[in-house]
Amino acid sequence: MTQEIPKTYEANKYEDGIYKLWEESGFFNPDRIKSKKKYCNILPPPNANGELHLGHASGYTVMDIFGRYHRMKGEKVLLYPGKDHAGIQSQVVYERKIKEERGISRYDLGREKFYKEIYDFCIDRSNYMRAQEKKIGISADWSREKFTLDPEVLSGALETFVKMEKDGMIYRGERIINWCPRCATALSDVEVLHKKTAGKLYYIKYPLKDSKQFIIVATTRPETMLGDTAVAVNPKDKRFEKLVGKIVILPLQNREIPIIADRRMEMEFGTGAVKITPAHDPLDWQIGKDHKLQEIQVINEKAEITKLGGRHVGQKVEEARENIVRDLTELGLIEKIEENEINKSICERCKETIEPLISKQWFVDVDAKKYSLKKESLKAIKNKQIKFFPNNFEKIMTQWFSGLHDWCISRQIWWGPQIPVWYCEKCGEENYIVSIEKPTNCPKCKGTKLTQDPDTFDTWFSSGQWPYTVLGYPKGQDYKDFYPTEMMVMGRDILSFWCSKMIMLSLYRTGKVPFKNLFFTGLIRDKDGQKMSKSKGNGVDPLEMIEKYGADALRMSLITDTTPGLDTRLYEEKIEKYRNFVTKLWNIYRYSFSSSENLELVEKISKKDVRSLADQWIVSRANQTILETSKMLENKNIALAENILIKFTWDELAAWYLEIHKLEKNDKVLGYVLDKVLKLWHPFMPFVTEKIYGDANKKVKMLMVEKWPVSDKKLIDKKSEKEFRDLQEMIVKIRNIRSSYRIAPSEIIEAYAKKLKNQEIIEKLGRVKFVDAKKQGIEISGKDLKIVLDIAELIDVEKEKKNFAKEIANLENLIAKNNTLLANKNFLASAPKEIIDNNKAKMIEYKTKLKKQKELFSNLNNLGKQGV
RNA sequence: GCACGCUUAGCUCAGUUGGCUAGAGCGCCUCGCCUACACCGAGGAUGUCGGGGGUUCAAGUCCCUCAGCGUGCACCA
C-alpha cells in the first residue's frame, strides 16, 4: 500500500480538481443547505481593473476560514462575491493603457465609446480575477456574483440619491474642493493623501497704502498671492493692533486689499500676518465667506494661472511660483526665504498635487435636519451594534465619524454611474429634476430638451451601499434571509473609505447596521517591513506562490502569528515552512494508511476502545484540542487556533503518538484522531484535507460539509495526560543524556529499573534495553520511576554534579517562592480554589523532585569515589 | 497638535479571562539509527517581557508616566 501513496503531496496536481468538486457539489450556494442558522459574509468587491494581490488573498483566507467553519457547523453559509467598477482608479488604469498601447486619450474616443471600452475591460478583468480568486480556495457562491454596475445593484444605489434629495440631504453648490489636475475631477477629503515634503516659506512685504510701511506675510505658495483679497491677523496680536482696517496694496496686481482680524490666525506662525486667498485655500475660503471677501480664481483646473493672474497667465503653478518670487525679489519685496517642511496634498489614485479650487459640485449633508448620517452612525457604534476586531478600531471609527464633513460625491470623470439629475434647457440648472429614468418632459415648462448632469458618482457612493444592494433590498429573499450580515472582513486601510460609508448609508436606507462583526486585517509587508508595491518590485505574487507551494501553504502563511488590524510580513521562507507542514500532514496520513489495511476514519469512539496510556492521552488531547480550537474560532482568534492545531498535530500526534502506534497499534484510536485532525484543519487548509479525506474514506464523502467536531468531555482525561507527560519527561531525559555524551542513536544502552511500566515505549523512544540485573551508572528519575543507565564509564562526574546542582538550586528557588505564596493569608483568602490547589500540587511535585535529585546527586558521588 | 498602535530570544512574531518554572518559527551549535516524512528526526544555547511608578494575594497581561518607533486624522498660511 505504501507505493500507492506518494511521499509528498503535490498541491498543484490536485487543487483545481478539488475546487471543481466543491463547486459542482453546489454547497457554495446556501440554498443547498437546510438550516435555520444563517451566516453571511459579503466579500469586499475588488477593483475590476487589475489582478489578485496579497491583500485580497489575505482577506479571502480569513473570510474563508470563518465561512468554512460555520458551514461545517451546519449553518446556511453565504460568502457573497462581487466586483467594483472603481471609478477613478479604473479610469486612470484604462487611460494609461490606451495611451501606452494606442497613443490616445479618452477625448480621442469620446465619452460614449470610452465608457463602453472600459466597461468591457472591467468585465474582462473580472473574469480573469474570478479565476484567480478560486485558486485561493474561497468557498464563495459564484452563482450570485454581482458587479457594482449591474442594473439591479445600481438602481438601488441611485434610489438612495433620490431619497436623500427628497430628505434634504443633498445640495449642489460652489465650494472649495480638492481638485486633481491630472484626473480632472473633484475629490472627497478621504481621497487626498498628505505627504510631508521639504518646502520653502517665503516672507513677502506687502506695502501699506499711503505709507512707506510694510506688513510682512509668510506663505508657502507665493503664486496664490495673485488672488489675495485680504491680509489677516489675530485680533489679540498687539503687533498688528493698529493696522487692522488699513489697506494694503497687493504687489504685482496693484489691488487694494484690507487688513482684517480673525481669531483663526496663529500668532506664533511666520510673522502672524497671513495673506488670504479665498479661491485657493480651504481655510481662506471659510474666512472669505465670514468676512464677505471677493473670491478671485487665479489658478484653473489644469493648475495654470488664469487671465485674472495678469501677466503670468498660462503658466503652470510651479513655473509661476518661480517667476513671481523673481519679480518680487527685483522689487525688493522678499524679506527672506526659509526652509520649511510642508504637508503636500496629493491625489490618492495618481499622486498628482491637489489644487484647492472653488467648483460647483454635489454634496451630501452628513448632518442634515431630517436625518443625520453622522449622528446615527455614532449612535449605532456607541450602542455596540457592531463588534470590532480588534476592539480599539471602534474608537478610531468613532473619532472618524466625529470629525466628518460634508461629502463631495460628484466626480468629473466619465467612468461610473451618472448623477440622476436632469436640466431643462429653458428652466436652467437651478430647477433641476431628480429622476433615475430620463423624464419625458420638464415638469415646469413641459419642454423636452433635457440633458443629464455630466458628473458621475464617487465610487464609494455605490460600493458603500453594497451590503444591501447586492442582497436585493428591500424585497429580495437574500436580504430577508441574511441582512444584517454576520461578518465583514476588510483591510484596515479602507476604514475611512468603505467601512464608514457602509455604516452610514446602510443605517439610512435599512435602519440597521450592515454587519454584526467587523474584522480588520493588517497590511501585508515584505521581509523588511516595507510596503509591497509594483514600483519597488518587492511584491509577492500570490498566484506564483500557489503554483509553487500550494494554496494551503499560502493561506497558512498569511494568517500565522497575525493579530487583527496589525500589519504582518510575508516572505517565501514562511510559505515554504507551511508547505512543509502540509507535507507533514500528508505523511501522517501516509504512515497511518500504510501501517494498517483496515484503518478507517471514525467519527465516534467508545471508552472501551481507548486502551493504553498513549491512547488515553492522545484521545484526551484530541478532545481538548477540539474544545480550544473551537473557542479560538468563536473569539475570532485565527492565529491562536492555528497554533493550537499545529502543536497537536506535529508535536503530539506525529512526534509521539505515531511512534508509539508502531509498537501498539490501535486503529480505532488512530482513525478517530485523524478524523478530528482533518476536520479541524479543513477551514485553514481546505485542499489537502479534502484530498486526504476523499482518499482515505471508502464511502463517497465530502469533508467540506462534514460536521465540525464536538468535544466529548468524557474522553478528556487529565490524569492520563499527566501520566503520559511524566513518561515523555523520562524519555526526554534519556535522550538528553545520550546527546550530552554523544552516544550514537544506533547504540542501544542497557538500563535497569524497578517497577517498570511502559517498557517498550521507553525502550523504543529512548533507544535503551532493560535488563534484569541491577546496574551501576547514571540515574534518572521521574514521578514514580527510577532508571539506571549503564554508561558509568562515560560519565563526567564533575559535569553531572554541576547539572544537578543547577537543577537543585532551581527547585529550591521554586519551593521558596511557593512557600511564601502559600504562607500568604491574603493569597489563600482571595485566590480561586483552583489556583491554590494547583500551587499545593506543584509544591508536592517540586519537593519530590528535589528529594530525588538530591538522592541522585549523592549517588553520583559514590560513582565518583569508585573511580569508574 | 490630537488620536491609535507597537516595543517579549540574534531576526520575525504569538502570548486567551491577570494565575502551570514566559512560547513558536527562522537562524545558530551538536548529533543523526530506526523505510511516514531530509519538505525529516533527537538534543542544546540565547529573555532584568522598552525605562520608572502604581493597583492586586498575584502583572508580559490592568492603570499612570517617560522614551523610541509606526499609523491615522487635523493642520501651521
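On a 1.4 Å probe surface of the protein chains, which of A:172, A:411 comes out largest in accessible area, and what is the full order?
If we order A:172, A:411 from most to least accessible, we get A:172, A:411.
In whole Hz and in residue order, list the ³J(HN,Hα) couplings for the stretch A:799-815 that follow from phi through the Karplus curve 6.51 cos²θ - 1.76 cosθ + 1.60, θ = phi - 60°; x for Gly and Pro.
So the J values, rounded to whole Hz, are 4, 5, 4, 4, 4, 5, 4, 4, 5, 5, 4, 4, 5, 4, 4, 4, 5.
Quick one: how many Å² of residue A:638 are accessible to a 1.4 Å probe, rounded to 10?
10
What does the accessible area per residue of the stretch A:773-814 come to in Å², with a 1.4 Å probe and no ligands, DNA or RNA counted?
Working: 2360 Å² over 42 residues.
Counting only protein heavy atoms, the per-residue value for the stretch A:773-814 is 56 Å².
Given the whole protein assembly as supplied and a 1.4 Å probe, what does the accessible area of residue A:130 come to in Å², nearest 10?
So the heavy atoms of residue A:130 present about 60 Å² to solvent.
Using Cα centres only, tell me the gap between the stretch A:434-493 and the stretch A:801-868 in whole Å.
First find each Cα centre; the distance between them is then 72 Å.
Give me the lysines in straight-line cross-link reach of residue A:825: C-alpha distance below 24 Å, same-chain residues under 8 apart excluded.
A:817, A:833, A:840, A:842, A:847
In the structure displayed, which of A:200/A:527; A:166/A:446; A:307/A:369; A:631/A:806; A:166/A:480; A:384/A:527 lie more than 30 Å apart, Cα to Cα? Working shown, then result.
On the way: A:200/A:527 36 Å; A:166/A:446 22 Å; A:307/A:369 41 Å; A:631/A:806 39 Å; A:166/A:480 26 Å; A:384/A:527 37 Å.
As for pairs spanning more than 30 Å Cα to Cα, those are A:200/A:527; A:307/A:369; A:631/A:806; A:384/A:527.
Ordering A:128, A:591, A:483 from largest to smallest accessible area (1.4 angstrom probe), what's the sequence? Write down the numbers at each step before the final one.
Working: A:128 105, A:591 50, A:483 20 Å².
Sorted descending by solvent-accessible area, the residues read A:128, A:591, A:483.
Return the long-range amide H neighbours of residue A:791 (sequence gap of 5 or more, or a different chain), with a cut-off of under 5 Å between placed amide H atoms.
Residues meeting the amide H criterion: A:778.
Among A:276-285, A:741-750, A:510-519, how do they line up from the highest to the lowest mean number of other beta-carbon atoms within 10 Å? Kindly include the intermediate steps, with their values, before the conclusion.
Details: A:276-285: 23.0, A:741-750: 12.1, A:510-519: 19.1.
Going from most to least packed, we get A:276-285, A:510-519, A:741-750.
Taking amide H positions as placed in the peptide plane 1.01 Å from N, state which residues far from residue A:170 in sequence (5 or more) or on other chains have amide H under 5 Å from it.
A:365
If amide H atoms are built 1.01 Å from N in the plane of the peptide, which residues on other chains or at least 5 residues away come under 5 Å of the amide H of residue A:42?
Excluding prolines and chain starts, which carry no amide H, the hits are A:80, A:487.
Which sequence of A:220, A:160 reflects their accessible areas, 1.4 Å probe, from the largest down?
Order by accessible area, largest first: A:220, A:160.
Where does helix A:667-681 land angle-wise versus the long Cα axis of chain A, in degrees 0 to 90, nearest 10?
The helix A:667-681 is inclined about 10 degrees to chain A.
Could you name the aspartates and glutamates in cross-link range of residue A:37, using Cα to Cα under 13 Å and dropping any fewer than eight places away on the same chain?
Within reach: A:75, A:481, A:486.
If I fit a long axis through the Cα atoms of helix A:111-135 and take the longest principal axis of the Cα atoms of chain A, what angle between them do I get, 0 to 90°, rounded to 10?
Value to nearest ten degrees: 10.
Return one number: the angle in degrees, 0 to 90 and rounded to the nearest 10, between the long axis of the Cα atoms of helix A:393-402 and the longest principal axis of the Cα atoms of chain A.
10
Hey, what number do you get for chain A at 222 nm if only DSSP H runs of n ≥ 4 count, each worth -39500 (n - 2.57), divided across all residues, to the nearest 500? Don't skip to the answer; put the middle values down first.
On the way: 27 runs with 363 residues, N = 868.
Roughly -13500 deg cm²/dmol at 222 nm, from the helical runs in chain A.
Once phi is turned into ³J(HN,Hα) by the Karplus curve 6.51 cos²θ - 1.76 cosθ + 1.60 with θ = phi - 60°, what whole-Hz value does each residue of the stretch A:617-630 show in order, with x for glycine and proline?
Those phi angles translate into 4, 5, 5, 5, 4, 4, 5, 5, 5, 4, 4, 5, 4, 4 Hz.
If one computes the Cα centroid of the stretch A:626-679 and of the stretch A:91-108, what distance in Å separates the two points?
Comparing the Cα centres of the stretch A:626-679 and the stretch A:91-108, I get a distance of 55 Å.
Take the cross-link list A:196/A:275; A:38/A:636; A:801/A:851; A:783/A:851; A:395/A:516; A:584/A:647 and give me the ones stretching past 20 Å between alpha-carbons.
Details: A:196/A:275 22 Å; A:38/A:636 17 Å; A:801/A:851 15 Å; A:783/A:851 11 Å; A:395/A:516 16 Å; A:584/A:647 12 Å.
Exceeds cut-off: A:196/A:275.
For the stretch A:566-581, just list the computed ³J(HN,Hα) in residue order, Karplus coefficients 6.51, -1.76 and 1.60, θ = phi - 60°, integers in Hz, with x standing in for Gly and Pro.
Each residue's phi maps through the Karplus curve to give 9, 5, 9, 9, 10, 8, 4, 4, 5, 5, 4, 4, 7, 4, 4, 5 Hz.
The values are calculated or read from the model by the stated rules, or taken from the named source; none is laboratory data. This is a predicted model, so every value here is computed, not measured. So basically every Cβ, Gly included, is an ideal-geometry build from the backbone, and we count neighbours across all protein chains shown. SASA here: full protein model, heavy atoms, side chains in, ligands and nucleic acids out. Shrake-Rupley method; radii C 1.70, N 1.55, O 1.52, S 1.80 Å.
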